[in-house]
1. Condition check: closer than 16 Å to residue 13 by Cα, assigned to a strand (DSSP E or B) and touching a strand residue (DSSP E or B) at 6+ places or on another chain (Cβ under 6 Å). Does residue 44 satisfy that?
2. Kindly establish whether residue 2 is buried (at least 18 other Cβ atoms within 10 Å of the Cβ), modelled with pLDDT under 90 and not in a helix (DSSP H, G or I).
3. Name the single residue that is farthest from residue 24 (Cα to Cα) among those in region 61-73 being exposed (fewer than 15 other Cβ atoms within 10 Å of the Cβ) and in contact (Cβ under 8 Å) with a residue 24 or more places away in the chain.
4. Using beta carbons and a limit of 6 Å, which pairs, at least six apart or on different chains, have the first residue in region 8-27 and polar (S, T, N, Q) and the second one surrounded by 15 or more Cβ atoms within 10 Å (Cβ to Cβ) and part of a loop (DSSP other than H, G, I, E, B)?
5. Considering each of 49, 37 in turn, give the residue that is assigned to a strand (DSSP E or B) and either over 11 Å from the mean Cα position of the chain (by Cα) or touching a residue at least 60 places away in the same chain (Cβ under 8 Å) (or both).
6. Going through region 66-80 one residue at a time, which ones are touching a Phe, Trp or Tyr at 6+ places or on another chain (Cβ under 8 Å) and over 19 Å from residue 15 (Cβ atoms)?
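The values are calculated or read from the model by the stated rules, or taken from the named source; none is laboratory data. What you see is a predicted model, and the numbers here were worked out from it, not measured in a lab. FYI the Cβ positions are ideal-geometry reconstructions off the backbone, even for glycines, and counts take in every protein chain you see.
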Amino acid sequence: MPRQTTSIPQVIICDTLLSRIRGQMFRKKPVTCVLSFPKEGHISLHTWFCRYALDMYFLDAKKKVVSIQKKVRPWRFCSGHGKYVVEVPAGKNVTLSTLQLD
């Protein structure tokens, strides 16, 4: 059976320091967050105060996926290298081309 992709109903762009800090914290319903950092490098993230597990896609400056952290549960840390991080509720089969990261 082929994998089905899910359209993403709500995408939040987090391109300021405060929006990146907030990310998924305290949200009652799962959303997709795209975290954009000023430059490519090592990124450390946490899932404190998140109510659900997340899949984290780390993208380089050319928007190519360089690593994936699956099912990062609440109150955990994860890290990777990149310029962008796409946080998706765990288990969603999404294609990153649907995000239109321009």
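1. For residue 44, the condition - closer than 16 Å to residue 13 by Cα, assigned to a strand (DSSP E or B) and touching a strand residue (DSSP E or B) at 6+ places or on another chain (Cβ under 6 Å) - is not met.
2. Values: buried (at least 18 other Cβ atoms within 10 Å of the Cβ): no; modelled with pLDDT under 90: yes; not in a helix (DSSP H, G or I): yes.
Against the criterion (buried (at least 18 other Cβ atoms within 10 Å of the Cβ), modelled with pLDDT under 90 and not in a helix (DSSP H, G or I)), residue 2 does not qualify.
3. Selected residue: 65.
4. Pairs that qualify, where the first residue is polar (S, T, N, Q) and the partner is surrounded by 15 or more Cβ atoms within 10 Å (Cβ to Cβ) and part of a loop (DSSP other than H, G, I, E, B), are 10/31; 24/50.
5. After ruling out the rest, the residue left standing is 37.
6. Within region 66-80, 66, 67, 68, 69, 74, 75 meet the criteria.
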